[in-house]
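What follows is a short report on a single structure.
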Amino acid sequence: MKLLSLWFGKDVSFSSVTKLIKTSSSLSYFTSKMSLKKMSLTSKVDNFEEEVVEEGAAMSILDLPELVLESILERLPPASLCSMAGVCSSLRSRCITDHFWEKHMKYKWGRIIGPVAYREWQWHIALRKDSSHLKQGRSKGLMRIFSIVRPSWWIKPKVDDCSKQSSLPRESIMSWFLALETGRFCFPAQVYNRENGHVGFMLSCYDAELCYDQRTDTFQARYSPHGRRAVAIENNVPWERLRAPLVDTSPHDLHISDCLNELRPGDHIEIQWRRNKEFPYGVGGMV
């Protein structure tokens, strides 16, 4: 519209000059010619706007520059990053990389996940690999039997459908994050004041196997059996009572410290203790 007003203003000033030297007939001819030019210019503006709309509709997020797209993905929370990974194969290959998930893992789980839990995860992956190899061997045997009983065209579409549903890489940080979030992977950690601050466990820290409950944002803790007692289970353990083990030592073994000569006044130390040999060690802290 600004273009039209400028153009129209230019013609009006020109017509005021010609008014002095031309007859009314020539003026009427100019006015009609000006109207045709206005219509032509208006149609050009409309066509330009339509082209811009069509070009904008054809753009996708993959058309963005590489740095811009990466910056957007880095700012997405885990749930949105999972949703983005389901859009297309190109975004999936980007969204499942460790580069984006390492930050989310450290932010939410870094305080209670330690080397012991990571080792347990590696064992968990190895067991899943072994079980998947066994299942693949069995499924191949069943496929051979079905191919004899049924024609090949009956079996092929199902195989193609399964191949399209590619799973996450087991070693990826995203796979580990989702296993923790859904409670499918239980990990070792330590719990302060176990069993809701039971008088026998105050001011102490005990090893436990933890499983996350996403609905309540709390954990279920399974403690090692004490003597002849069964496994103790505590539900609804909050994040504030958890930590990663400071040393990689079994709760049934005595930790041999190699830094006693480096202790100075004011240092925080923790001491192992237990009721008898049938009980696992607990940890008490002092300054």
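Just so you know, all these numbers are worked out from the coordinates, no wet-lab data involved. Computed from a predicted structure; not experimentally measured. Cβ coordinates were reconstructed from backbone atoms using ideal geometry, including for glycine residues, and neighbour counts include every protein chain displayed.
Note down the magnitude of the dipole of segment 62-112 about its Cα centre, charges +1 on Lys and Arg C-beta and -1 on Asp and Glu C-beta and zero elsewhere, to the nearest 20 debye.
Details: 7 positive and 6 negative charges, 71 e Å.
Using only the charged Cβ atoms, the result is roughly 340 debye.
Find the percent of Cα-Cα distances in segment 187-286 that exceed 17 Å, and round it to a whole number.
Working: 2641 of 4950 pairs.
When every Cα pair of segment 187-286 is considered, 53 percent fall beyond 17 Å.
Per residue of segment 183-189, in order, report the coupling 6.51 cos²θ - 1.76 cosθ + 1.60 (Karplus, θ = phi - 60°) as ³J(HN,Hα) in whole Hz, putting x for Gly and Pro.
x, 6, 10, 9, 10, x, 7
Fewest Cβ neighbours within 10 Å first, please rank E262, E278, E209 accordingly. Working shown, then result.
On the way: E262 8, E278 12, E209 17.
Final ranking by Cβ density, sparse to dense: E262, E278, E209.
Once fully extended, how much extra length lies between S93 and R274, figured as 0.36 nm per residue of separation less the alpha-carbon to alpha-carbon distance? Don't skip to the end; give the middle numbers.
On the way: separation 181, 0.36 × 181 = 65.16 nm, distance 5.00 nm.
This chain segment gains 60.2 nm when fully extended.
Once the piece of chain linking K108 and W123 is laid out straight, how much longer is it, given 0.36 nm per residue of separation minus the C-alpha distance between them? Walk me through the numbers before you get to the answer.
On the way: separation 15, 0.36 × 15 = 5.40 nm, distance 2.22 nm.
Gain on stretching K108 to W123: 3.2 nm.
Based on the Cβ-Cβ distance from D253 to V231, what FRET efficiency comes out when R0 is 25 Å, to the nearest 0.05?
Values: r = 19 Å, r/R0 = 0.77.
Efficiency at R0 = 25 Å is approximately 0.85.
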